[in-house]
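The values are calculated or read from the model by the stated rules, or taken from the named source; none is laboratory data. These numbers come from a predicted model, not from an experiment. Neighbour counts run over all protein chains shown; Cβ positions are idealised from the backbone, glycine included. Surface accessibility is based on the protein's heavy atoms, side chains included, excluding ligands, DNA and RNA. Shrake-Rupley method; radii C 1.70, N 1.55, O 1.52, S 1.80 Å.
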Amino acid sequence: MQKGNLLNISKFVAPEVIFGLGAMSQVGESAVRLGIKRAFLVSDEGVINAGWVERALIYLKEVGISSHVWFELTTNPKDFEVAKGAAQYLESGCDGIIAVGGGSPIDVAKAIAILATNGGQIKDYEGVNKIISPLPPMVIVTTTGGSGAEVSQFSMIVEKARQVKMAIISKSLIPDIAIVDPLILQTKSARLTAATGVDALSHAIEAYVSLAATPLTDIHALAAIRLITENLRESVACTTNLQAKASMAMASLQAGLAFSNAILGATHAMTHQVDGY
Ligand SMILES: [Fe+2]
């Protein structure tokens with residue numbers, strides 16, 4: 001197999017994307033369009049402390065959607081946290097999932113969605129295309145600009161007993177609507193901005209050199225590499241430079257579209273062991 005051979009069958013999948021300064025204000029209307037009446041809002045403590053969950057709750061309330069906030073998860077989220085979240089989801093009477101956060105809350109929100117309608121344990125879904133039943137509607141508001149989880153068909157969950165980071169891969173995991181608001185990136189620390197920026201660069205490079213790359217993924221991978229090399233330094237140096245923040249948010253999004261469809265390489269493959277440990 002040769003990269004970019006147009007004679008091979010390839011697919012490109014992506015959610016509806018709402019991008020731009022203030023895009024977060026669309027979270028309520030997005031949930032309404034998906035028929036959500038009571039939202040299970042997955043986040044983490046840092047995002048809550050930064051005030052973004054409070055903001056999302058206001059937008060949801062404005063359109064008559066009640067919410068149940070849940071944030072009992074850690075970085076590199078674990079299987080038992082997903083189990084607790086799924087139990088809470090089923091108890092809460094919610095009919096849709098909204099994630100406000102970075103890679104960890106987004107991956108957990110997806111994993112909770114799997115268990116909510118498919119049952120069992122999250123390790124049952126490790127690997128490719130193990131999800132049978134449709135998932136609850138999902139809206140993702142990304143806050144880190146790096147993970148690409150808001151557009152990807154992956155959820156990465158650590159199985160504590162085996163100390164392994166499991167990759168769950170399915171087109172069902174692509175959220176219905178992804179909201180990317182560069183304003184949110186202003187509250188990220190310089191350290192996190194740098195780390196997530198390099199993560200996004202790695203996504204773009206690994207996707208570009210992947211044997212599963214196609215013209216549709218290459219265009220996003222190359223655009224992401226260009227945006228990151230031109231804007232990452234400034235985005236780290238100046239938290240209020242909105243042009244740099246918007247460029248990094250778009251770069252992360254495009255790197256996400258590239259790697260979700262072209263898949264990643266050796267660098268990210270190593271994280272399965274290291275993160276699990
Ligand atoms: Fe990554």
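Worth a mention:
- Carbon/sulfur fraction of accessible area - region 16-276, other protein chains in place, 1.4 Å, %: 58
- Region 101-126 versus region 226-275: alpha-carbon centroid distance in Å: 23
- When the charge dipole of the chain is built from unit charges on Cβ atoms (+1 for Lys and Arg, -1 for Asp and Glu) and taken about the Cα centre, the candidate among Ala255, Ile18, Leu7 whose Cα reaches farthest toward its positive end is Leu7.
- Accessible surface calculations at 1.4 Å, restricted to protein heavy atoms, place region 16-276 at 41 Å² per residue.
- Ordering of 185-191, 80-86, 9-15, 212-218 by packing [mean C-beta count within 10 Å, highest first]: 80-86, 212-218, 185-191, 9-15
- With 0.36 nm allotted per residue and the present C-alpha distance subtracted, the Leu242-Lys160 stretch has 25.6 nm of extension available.
- DSSP beta bridge pairing in the chain, given as percent antiparallel to the nearest 5: 20
- A crude spin-label estimate for the pair Glu230 and Val32, with each label 7 Å from Cα along the Cβ direction, gives 3.7 nm.
- This model, with +1 at the C-beta of Lys and Arg and -1 at the C-beta of Asp and Glu, gives the chain a dipole about its Cα centre of some 240 debye.
- You can think of it this way: the chain between Lys84 and Gln121 has 12.2 nm of extra reach, that is 0.36 nm per residue less the Cα-Cα gap.
- Distance between region 196-215 and region 66-90 - C-alpha centres, whole angstrom: 30
- Taken about its Cα centre, region 55-100 carries a charge dipole of about 140 debye when Lys and Arg each add +1 at the Cβ and Asp and Glu each add -1 at the Cβ.
- Inter-probe distance in nm under a simple model that places probes 7 Å from Cα toward Cβ, at Ile48 and Ser92: 1.1
- Along the axis of the charge dipole computed for region 41-176 (Cβ charges of +1 for Lys and Arg, -1 for Asp and Glu, origin at the Cα centre), the listed residues Val158, Val69, Ile106 are led at the positive end by Val158.
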